[in-house]
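Heads up: the structure comes next, in structure tokens.
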Amino acid sequence: MRYKQLAKQCVQQIESGQLLVNSKMPSLRNFKQLHNVSMTTALNCYQHLESLGWLIAKPQSGYYVAQRSLLVEKPQTPTVISFQSSITQPHLPALYNPFIDPCPLGIARYDPDLIPVDKLQQSFRRAMKQQGNQLSHYPNPQGEMTLRDNLSEHFKTVDFHFSATECVITHGCLDAIRTAIEITTEVGDAIAISSPCFSGLLELLGVMGRRVVEIPSVMEGIDLEQLQKQMQLGAIKAGLFCTSHMNPQGTSMSSLQKQKLVELATQYRIPIIEDDVYLELGYGKVIPLPAKHWDQEGYILWCGSISKTIAAGYRLGWCLPGRYLQDYLQQRLFANQGVTSPLQLAIADFIVRGDYINHLKKIRLHLQQQTLQFIAYLQQHLPSNSKISQPAGGFVLWIEVPNLNTPKLRQLGIQKKLDIRVGNSFSTLGLYPHCFRLNIGFSMTAAEVKLQLSDLIKLVKICSEDTPC
């Protein structure tokens with residue numbers, strides 16, 4: 001295709017230094033005339049280069065050469081570990097949290113400077129006017145219809161269709177997941193999870209008295225053969241999987257994997273809770289479809305939220321419980337009186353005015369470039385045998401440093417006020433003793449981030465010289 005040929009020429013010019021990092025590309029009109037192609041071909045070329053990380057689009061300004069050239073060579077990715085799944089017990093969360101003021105490198109969140117505060121404040125003001133004297137009413141336990149309608153219309157634009165009547169509004173994604181666990185399993189039941197698995201989910205399962213069966217990760221997702229074996233044995237009562245831009249390793253299940261996951265859930269009548277909190281934070285132009293897209297029988301309980309895309313402090317999420325809708329609503333009715341209405345109406349307004357989709361476009365480009373910058377920096381400063389994940393979305397990196405003594409790294413990090421999420425927090429099996437997760441949502445140019453990254457590198461070098469723990 002012509003646009004790919006032109007894109008290849010542009011890449012060669014960037015790599016040869018003819019096009020410099022941060023330099024502005026010719027306007028689409030000039031590029032069209034220069035190469036005697038249509039405007040569509042010119043646009044496709046630039047968008048293709050953008051999706052590959054070579055260009056970055058700046059609103060009302062144009063396209064610029066990205067900092068991809070910082071990567072001297074593609075780093076090795078962390079080891080994918082094979083093992084036989086078995087039932088284990090999650091660890092309970094520590095009662096003592098040394099990080100009352102969160103460290104930028106710890107909790108998965110992005111720089112608050114990226115939050116569109118002005119637009120959100122306008123939406124809140126309109127929501128308060130809209131609600132008027134309805135403030136005295138308790139919120140609908142299922143959620144405001146306006147928000148559910150707008151979420152339905154929003155996801156329809158990426159070919160994911162559902163009805164507002166199928167959706168339940170919750171206090172964030174973890175709250176949605178908690179209810180899904182409560183209605184599909186009982187205390188003592190085993191739930192299949194990916195390995196490694198987000199530490200917050202492991203802690204939630206531990207607090208709820210559930211056991212787990214870790215399913216090995218593979219390059220295209222998870223080991224579905226082992227999952228099917230556990231289903232055949234009757235070892236699990238449910239599954240709980242992040243399917244897009246998994247935390248901590250950043251990989252996504254392929255479309256074929258997601259379809260197969262739905263087939264297994266339907267065949268064995270085992271509910272699968274789909275944690276899709278990072279779905280809309282992919283770096284490419286196309287948002288991946290969730291497994292729920294292929295669910296015809298309702299065995300997938302799809303959970304999401306705005307905690308990662310807008311702001312964690314709003315605590316607003318949702319669930320499509322499928323065939324479990326009535327049980328889900330009944331559980332919610334007894335557990336709480338719904339999510340605060342002004343918040344729901346404000347987010348509904350933010351979505352319907354197009355501010356949400358514009359914010360997503362902006363932040364995805366920002367995170368893509370920031371990810372490349374972090375990887376380049378770590379590649380240059382970590383021990384040479386380090387392995388760094390290559391996420392296609394989200395804002396965490398999974399890093400493996402052979403011989404790294406992570407218990408010591410964690411302890412020294414606390415002394416330096418560094419919140420380092422070490423590998424064994426993401427498994428019950430002790431499979432990742434030389435790994436740690438890094439939040440990269442904050443800009444590397446921030447003084448605090450620069451200092452903490454420098455401290456982290458020093459500690460990693462000290463702890464990787466020790467005898468393995």
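The values are calculated or read from the model by the stated rules, or taken from the named source; none is laboratory data. Keep in mind it's a predicted model, so treat the numbers as computed, not measured. Methodologically, a virtual Cβ is constructed for each residue, glycine included, from the backbone with ideal geometry; neighbour enumeration extends over all protein chains shown. These area figures cover heavy atoms from the full protein model, side chains too; ligands, DNA and RNA do not enter into them. Shrake-Rupley method; radii C 1.70, N 1.55, O 1.52, S 1.80 Å.
Scanning the range 420-449 for residues that are buried (at least 21 other Cβ atoms within 10 Å of the Cβ) and either assigned to a loop (DSSP other than H, G, I, E, B) or free of Cβ contacts under 8 Å to residues at least 12 places away in the same chain (or both) gives I420, S427, T428, Y432, H434, I440, G441, F442.
To keep it simple, each residue is scored yes or no on (1) closer than 12 Å to Y63 by Cα; (2) crowded, with 17+ Cβ neighbours inside 10 Å; (3) within 34 Å of the chain's Cα centre (by Cα).
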| site | (1), (2), (3) |
| --- | --- |
| M1 | no, no, yes |
| Q13 | no, no, yes |
| S16 | no, no, no |
| N22 | yes, no, yes |
| P26 | yes, no, yes |
| K32 | no, yes, no |
| T40 | no, no, yes |
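Restricted to the range 250-273, and to residues there that are polar (S, T, N, Q) and surrounded by fewer than 24 Cβ atoms within 10 Å (Cβ to Cβ), the residue that is nearest to L431 (Cα to Cα) is S252. When the test is whether a residue is under 20 Å from the mean Cα position of the chain (by Cα) and acidic (D, E), D159 passes it. If you go through the range 306-360 and keep only what is open to solvent by 20 Å² or more (accessible area, probe 1.4 Å), under 21 Å from D275 (Cβ atoms), in contact (Cβ under 8 Å) with a residue 40 or more places away in the chain and more than 23 Å from the chain's Cα centre (by Cα), you end up with Y324, L325, D327, L329, Q331, A335, N336.
Against the conditions (1) more than 20 Å from A238 (Cα to Cα); (2) among the hydrophobic types (A, V, I, L, M, F, W, C); (3) modelled with pLDDT of 95 or more; (4) surrounded by fewer than 17 Cβ atoms within 10 Å (Cβ to Cβ), V158 satisfies every one except (3).
With respect to Q230, is the statement that it is open to solvent by 10 Å² or more (accessible area, probe 1.4 Å) and out of contact with any Gly (no Cβ under 8 Å at 6 or more places or on another chain) true? Yes; evaluated as a whole, the condition is true for this residue. Can you go through C173, C167 and tell me which one is within 20 Å of W294 (Cβ to Cβ) and either open to solvent by 20 Å² or more (accessible area, probe 1.4 Å) or not aromatic (F, W, Y) (or both)? The match here is C167. Could you check the range 384-399 and list, in sequence order, the residues that are modelled with pLDDT of 95 or more and open to solvent by 30 Å² or more (accessible area, probe 1.4 Å)? The answer is K387, and nothing else.
Annotation for the range 72-79: at least one member residue is in contact with an Asp or Glu (Cβ under 7 Å, 6 or more places away or on another chain) and at pLDDT 85 or above.
Quick check: anything in the range 384-402 in contact with a strand residue (DSSP E or B) (Cβ under 7 Å, 6 or more places away or on another chain) and assigned to a helix (DSSP H, G or I)? No, that holds for no residue.
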